[in-house]
Each structure stands twice: as C-alpha cells, then as structure tokens.
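What follows draws every value from the coordinates through simple rules; no lab data is involved. For clarity, every value in this text was computed on a predicted model and none was experimentally measured. Cβ placement follows ideal geometry from the backbone for every residue including glycine, while neighbour counts extend to all protein chains displayed.
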Amino acid sequence: MVDPSELLDLARTADATGWDSIQVADAPFFPEVTSEPYPYTPDGKRFWPLATPVLDPWVAITAMAVVTERLRFLPSVLRLAIRHPLLEAKALCSVAAIAGDRVALGVGLAWMPEEFRWLGVDKRTRGARQNEAIQVIRLLLGGGFVEFHGKYFDFDRLIMAPVPQKKIPIYVGGSSLPALRRAARYGDGWIGIVHTIAETKRLLADLNAMRRELGRDREPFDVMLHCPDAVTVDDVRRLEDLGVTDLQIAPWTLPNVLGELGVSSMVLQPPLAVKQEALARYAGDVIAKCS
C-alpha cells in the first residue's frame, strides 16, 4: 500500500538487492462503513486510512514486471470470491505472458458484506464458490480446449490463449480451519497473515496433518506469512525449519531499521529513499545470510 509513484523504483531496488518477490494488496473499494468488523484486529477496526491508494493488482504487477528481471509477483491475496474465474484466469495469463511467467496467484475470501452485495455475489456461498473458482483457473492454465460443469460455474468447451509456459502456483490465504483445508486440498501453498513463531508452529502442524490425510504431503508446498518476532537470522532459520518458505516483510516498518535511518517507528510510509535503503540493508543483513 505504498504510493503508486514509488512502485517501479521499489521493484528495481528489490530486484537488484536479492529479494525474491513482491506481493500486492487487492481491494476494489473501501466502504465508508462496514456491517461487520475487520477480522484481523482485536478491536475490529481497519488499520489503514480508507483513502490509501491500492492499485488493481494485475496493473501494478504488470508495471513492475516490465522494469525487473528476477522478481516474481503475486496478489496477496486476490479476493477471488467476488470475481469470476474466467476473467481472472485471462488476466493472470496475460500478465504471465508479459512477465515471463514470473507470477503466482494468491487467493482468499473477501470479508466485507458490502463487497458481495454491491457486486451482486452471494456471500453465503463464498467458500464453495472459491473452491470451484480455483479448479477453473487451474484447468484454464493448462491450455487447450477445456470445459467445466460445477454448481457455481458452468461452461462448455473453450480455449484461452496465451497460457503460461510453466506452472503458475496457486496459493490459498486465510488462517481459519476451512481456509487451511482449502489450501491443503487445492493449493500449491498457503499464505498466512500475521503470526508469531509459536502460532506458525501450531498452524503448520494442522495444515500438514490435513495434507497427509489428502495424500499430498510429498508434493511441493510453499508457506508465506508475516512473523513479527522473526527478527534475527536465527529466527528466520527457525521458521524455515518449520516449513516456511517465504517471509513477508516491509523492512522500512522495522523499528531498528527506521531508528538507524532517523525515522520514527510510527511512520509506516517514510520517504522513498528510506524505503530503498531499508530494502538494501535487510537484504545484506538477513537475506544474504539465509541464502
């Protein structure tokens, strides 16, 4: 959720300093008032200003992909439950073609009733509909003529081109038991939210048990999350030992980094130069030592 004018410079810096990926938010709009509390804060309040600029994820990813060479990109997470999978598959395939397949797809359930109501989608069926949507997108990514006949999505033989030249992973987000089951059954990985090392250990034990029950425990599986108590290189290695493959972090929000750069830790959006310096420092202090 940075200033859109900074995206290309941040992507270039991350690409040059050894970062693996950039994950972008998805939010079509923010209702002034919501009829349900935000599920990921203790008080149910949204923690960002409602006027925060959030680009369409496919637009942001395409722009950054054309100025980078290594980085891969993914929405974290795309609110697939309020979108039609045929159109999202087309967007994903198009971006993959521009980005040289340096993309992945992170999906999750939208939570605001207003999103569903104003977009004409039934919130009560969001979980089952997302299960089908994941299957539809995976089918289309394979190329050739395909058809699908489900409860929520139904179409006869069609073809979509271009399609990616290599497998595009689909990651499932969310920390509830249904979300973990969805990731275990349909995902190439799981995207968590904010979890301590202890919470991560418990969640991954549940997730791995589900994957074993489904006979998927020997398949490659990525785990992505933000862990506020993973501060040192040893902390990162502890997460790796648990099965975490990707640590999500915005290094300019770390108090020690900001303090050294002369910026208050309460400032989540320091100037671009500070963000770039934080990216480079974290890459040298942590990423390079964990490679």
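For the chain, the tally of Lys pairs with Cα-Cα distances below 28 Å comes to 11, considering only residues 8 or more apart or on different chains.
For GluC sites (Glu not before Pro), the sites in the range 1-91 that DSSP calls loop and that have at most 12 other Cβ atoms within 10 Å are Glu32, Glu69. Tell me the net charge near Gln276. Cut-off is 14 Å between Cβ atoms, Gln276 excluded, with +1 for each Lys or Arg and -1 for each Asp or Glu. Residues close to Gln276 contribute a combined charge of -2.
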